[in-house]
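The values are calculated or read from the model by the stated rules, or taken from the named source; none is laboratory data. Quick caveat, the model's predicted, so the values are computed rather than measured. Here the Cβ positions follow ideal geometry from the backbone for every residue, glycine too, while neighbour counts run over all protein chains shown. When the accessible area is computed, the model is the full protein with side chains, heavy atoms only, and any ligands, DNA or RNA have been set aside. Shrake-Rupley method; radii C 1.70, N 1.55, O 1.52, S 1.80 Å.
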Amino acid sequence: MTARVLVVNPGSSSLKLRVLAGADVVATADLGAIGDLDADVLRGLAAGGEIDAVGVRVVHGGERYVQPTVVDAQVEAGLAELTSLAPLHQPQSLAAIAIVRQLLPATPMVACFDTAFHATMPAAASVYPIPPEWREKWGLRRYGFHGLSFTYAAESAPRVAGRSPGDCRSVICHLGAGASLCAVRDGRSIDTTMGFTPLDGLVMATRCGALDPGLLLWLQESGHLTEREIAGALEHRSGLVALAGTTDLREIFAGEAAGDERCRVALEVYIHRLVGGIAEMAAALGGLDVLAFTAGVGENSVDLRARVAERLAFLGVALDPGRNADARGDVDISADEAAVRTVVVRAREDLVIAAGVRAALGLG
Ligand SMILES: Nc1ncnc2c1ncn2[C@@H]1O[C@H](COP(=O)(O)OP(=O)(O)O)[C@@H](O)[C@H]1O
Ligand SMILES: CC(=O)OP(=O)(O)O
Ligand SMILES: [Mg+2]
């Protein structure tokens with residue numbers, strides 16, 4: 001019989017639970033917070049059949065954890081050591097592991113890592129130009145994240161565009177509460193916008209993205225802020241919420257249309273960083289065949305996709321307005337004549353995690 005895998009996907013703004021039997025999603029629950037995961041929720045998810053194994057998205061695997069890994073006490077301790085590298089995310093995954101272990105003590109559990117897809121990034125994209133003894137002592141490198149989503153999109157985006165994944169240059173825009181880009185050539189990560197931590201790169205819902213490191217030094221030395229104050233502000237009170245007072249792009253587009261200056265500037269900053277990042281990823285690939293949008297914002301914001309495409313006309317990006325407005329599921333939204341195919345693909349971390357669980361446990 002096909003194994004039933006419970007997938008636990010904690011995001012910075014969501015907790016998504018899915019039960020998969022093969023590629024079929026047979027039960028779903030979207031919760032607000034990890035604390036809402038209890039025996040009742042699990043009973044609901046297991047109503048159609050017993051859960052054989054659990055897969056948990058873990059954002060940071062560090063240098064040690066790349067392949068899907070069966071979670072035991074030692075692995076749990078190893079993952080806890082990485083908490084300072086992803087303070088918004090790692091505690092959520094560890095809490096999920098602890099709750100599931102308590103509720104399903106006899107069910108095997110496998111951790112699947114956001115960092116894994118980028119483990120083979122070339123030196124050009126992964127090495128920081130900082131003293132080598134620091135890199136060696138602490139494993140400082142650009143790790144990159146959202147790799148479970150990129151793993152799926154690296155295959156689905158070329159396919160939806162009618163290209164072979166093995167011969168394609170794609171830039172994938174994972175735009176959710178957290179956001180990052182990935183340059184994918186022939187199915188592999190060549191570059192990405194997040195770095196050592198998920199704070200780098202694009203403007204996000206509450207995170208700042210890339211900053212001048214000199215600004216951080218100045219805040220400490222001359223602004224007399226503590227590390228904790230700086231970290232709290234950059235993780236929780238920056239990004240869109242700092243620019244526009246809301247994390248919701250729908251409200252920000254509506255505000256801009258109503259003449260709100262803060263919303264206008266918020267969109268300019270968000271889109272400026274985004275199109276700059278896409279061009280940088282295209283440069284790393286030496287050209288662009290497929291541009292893909294995925295995750296909450298990427299899949300749902302018609303306005304954002306239109307605005308980004310307009311700004312990328314110089315790269316050969318052009319949308320069909322009707323296809324963009326009607327996009328549901330995995331679909332090509334390009335204008336017929338466009339040199340670059342633009343697609344929307346669903347974020348299917350659940351499929352990638354379930355496949356990782358089956359591989360790690362040798363399940364059918
Ligand atoms: N129609 C839409 N337009 C713009 N943003 C949207 C839309 N629908 C959802 N979002 C945004 O998607 C984000 C959530 O995406 P998701 O990928 O689930 O995030 P995460 O996994 O990082 O928690 C939220 O910031 C939400 O505001
Ligand atoms: C790594 C990351 O930022 O994840 P999320 O988008 O779920 O916050
Ligand atoms: Mg997510």
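Amide H neighbours of V26 under 5 Å, counting only residues 5+ apart in sequence or on other chains, H built in-plane at 1.01 Å?
HN-HN under 5 Å from V26: V19, L20, A21.
So for the chain, Kirkwood radius off the Cα pairs, Stokes-Einstein at 10 °C and 1.306 mPa s: how many µm² s⁻¹?
Value of D from the Cα-based Kirkwood radius: 75 µm²/s.
Just add up the charged neighbours of P10: K/R +1, D/E -1, any other residue whose Cβ is under 14 Å from the Cβ of P10.
Spelling it out: positives minus negatives among the neighbours equals -2.
I want to verify a result. In a Gaussian network model of the chain, Cα cutoff 10 Å, which of these has the top mean-square fluctuation: V269, V317, V344?
V269
Need one number: % antiparallel among DSSP beta bridges in the chain, to the nearest 5.
60 percent
How big is the gap, in Å, between the Cα center of region 271-297 and the Cα center of region 100-127?
Cα centres, region 271-297 to region 100-127: 25 Å.
Give me log10 I(q)/I(0) at q = 0.15, 0.18, 0.19 Å⁻¹ for region 162-344, Debye formula, one equal scatterer per alpha-carbon, no solvent.
The calculated log intensity ratios at q = 0.15, 0.18, 0.19 Å⁻¹ are -0.88, -1.18, -1.28.
Based on DSSP H runs of at least 4 residues, each adding -39500 (n - 2.57), what is the mean residue ellipticity at 222 nm of the chain after dividing by all its residues, to the nearest 500 deg cm²/dmol?
-12000 deg cm²/dmol
Which one, A258, A95, A119, has the greatest fluctuation when you compute a Gaussian network model over the chain with C-alpha springs under 10 angstrom?
Taking springs between Cα atoms under 10 Å, the residue moving most is A258.
Quick check on region 1-68: what are the equivalent-ellipsoid semi-axes from the Cα gyration tensor, as sqrt(5λ), descending, whole Å?
Working from the Cα gyration tensor, I get semi-axes of 21, 17, 9 Å.
Length gain on complete extension for the stretch H224 to T107, per 0.36 nm per residue less the alpha carbon to alpha carbon distance?
So the chain would gain 37.2 nm between H224 and T107.
For region 109-203, count all C-alpha to C-alpha pairs, find those more than 20 Å apart, and express that count as a whole percent of the total.
38 percent
³J(HN,Hα) across region 11-19 via Karplus (A = 6.51, B = -1.76, C = 1.60, θ = phi - 60°), whole Hz, x for Gly/Pro?
x, 6, 10, 7, 9, 9, 10, 9, 10
Anything in the chain that counts as a DSSP H helix reaching 27 Å or more along its axis (C-alpha) with Kyte-Doolittle mean of at least 1.6? List them, would you?
Flagged H segments: there are none.
GNM on the chain, C-alpha springs below 10 Å: top fluctuator among L15, L94, L211?
The residue with the greatest mean-square fluctuation here is L211.
Sum up the charges of everything whose Cβ sits under 13 Å from the Cβ of V41, counting Lys and Arg as +1 and Asp and Glu as -1, but leave V41 out.
Net of charged neighbours comes to -1.
Express the accessible area of the chain per residue in Å², computed with a 1.4 Å probe while the remaining protein chains stay in the model.
Value for the chain: 44 Å² per residue.
Give me the one-decimal nm value for the distance between modelled label points at L140 and A124, 7 Å along each residue's Cα-to-Cβ direction.
If labels sit at L140 and A124, their model points lie 2.4 nm apart.
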